[in-house]
Amino acid sequence: MTKKNRSMVQRRLIPTYIFLIICSFISVFPLYWMIAAATNTSLNVARGSIAFGTNFAVNFANLSKAVQGTLWSSMGNSFLYSIVQTVVTLFVCSIAGYGFELYHDKGKDRLFGILLLAMMVPAVATMVPLYGLVSKAKLLNSVWAFILPGISTPFMIMMFRQNSRNFPPDIMEAARIDGLSEWKIFFKMYVPVQKSIYAAAAVITFMNAWNAYMWPKVVMSDNRAQTMPMFIANISSGYTVDYGMTMLGVLFCSLPTMIVFFVLQKQFAEGITGSVK
C-alpha cells in the first residue's frame, strides 16, 4: 500500500475513531464519577460536581462507623460467601457437565433437557419454598444459607457440558488403559485442559455471588452476617443520605469484582468462546 493510499484509509477511519472515543468516554465516565464522588461532600455530590474533592478521609471515617461499624465484617462475609460458592459451584457443575457429555446416553439427554427448562423458572418463584427449607434446616444467617441455592445452576452445567465436547475421548480411553481411575482422569486431565472455562465460570459465579442482594436479604437478618450490597443498602436507606460516604461504599463494593475480571479477562474470553488450549 502506498503512502497516499494509507493516508486516505486513515482519513476514512477518523469518524470511526471519534465514535469509539465517545463510546469509551460514556462507558468510563460513571466509574470516574463514582471515584470523584467518593472524595466529595454530600452537598457537592448533590450539586453534580465531577471534580475530585478533599473529603475522602471524612467519608472513610463515617463509612467505618456506619451500621454499627460493620463495614469490614460485611466485606469479610462477602469474600467468604463468594469464594465458597465459587469453589463449590465450579466443582459440582463441572462434574455434572463432564458426566452429561462424556458419559451421555438417551436418559441423561432427557434429564438435561428437563434441567434446561429450570432456567425458565424465575428465581423469585422459588424463594419462598427455599426459605422454608433453609429455615427448617436451621441454616439462617450462615454461609450455607447463602450458597446452597446457587451451588448447581443449569446455566453453569450447560457451559461445562458445551466445553466438554472439546475434550478428546481418546485421551480418556488411553488413560483407562494406563490404569487411571475416573477421578484421576477428571482432576489430572480434564481440569487442566478446561482451565479457560473454569476461569470464565469463576468470574461469572464470583460476580453473581458478590452482587447478590435479594436472597441474602431474605436469609441474613443479623447485621453480623450481612454482605456488602446489604451494607450499602442500609447506609443509603435513612431519611438523610450522605452521598459521598455512600459512593465510597459503592467503590469498595465494586473493587473486588473489577479486580477479578481484569485478572481473568483473557481466560474469561477464551472460556466464553469455547476455546481449549
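The values are calculated or read from the model by the stated rules, or taken from the named source; none is laboratory data. Small disclaimer: the values here were computed from a predicted structure and weren't measured. Neighbour counts run over all protein chains shown; Cβ positions are idealised from the backbone, glycine included. For the accessible areas, the whole protein counts, side chains as well, though only heavy atoms, and no ligand, DNA or RNA atoms are used. Shrake-Rupley method; radii C 1.70, N 1.55, O 1.52, S 1.80 Å.
Listed values, structure above:
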item	result
Leading residue by the ranking (farthest from VAL88 (Cα to Cα)) among those in the range 148-172 that are part of a helix (DSSP H, G or I) and without any contact (Cβ under 8 Å) to a residue 24 or more places away in the chain	ASP170
Matching entry among SER142, SER135 (being under 16 Å from GLN85 (Cβ atoms) and among the polar types (S, T, N, Q))	SER142
Filter result for TRP72 (under 16 Å from MET245 (Cβ atoms), without any contact (Cβ under 8 Å) to a residue 40 or more places away in the chain, open to solvent by 80 Å² or more (accessible area, probe 1.4 Å) and not acidic (Asp, Glu))	yes
Test: residue in the range 194-208 that is part of a helix (DSSP H, G or I), modelled with pLDDT under 85, surrounded by fewer than 20 Cβ atoms within 10 Å (Cβ to Cβ) and not charged (D, E, K, R)	no
Any chance SER82 is modelled with pLDDT of 90 or more, small (Gly, Ala, Ser), closer than 22 Å to ILE204 by Cβ and out of contact with any Ser or Thr (no Cβ under 6 Å at 6 or more places or on another chain)	yes
Leading residue by the ranking (nearest to the chain's Cα centre (by Cα)) among those in the range 215-231 that are in a helix (DSSP H, G or I), among the aliphatic types (A, V, I, L, M) and over 29 Å from GLN267 (Cβ atoms)	MET230
Test for ILE95: is it touching a residue at least 60 places away in the same chain (Cβ under 8 Å), open to solvent by 30 Å² or more (accessible area, probe 1.4 Å), within 28 Å of PHE187 (Cβ to Cβ) and assigned to a helix (DSSP H, G or I)	yes
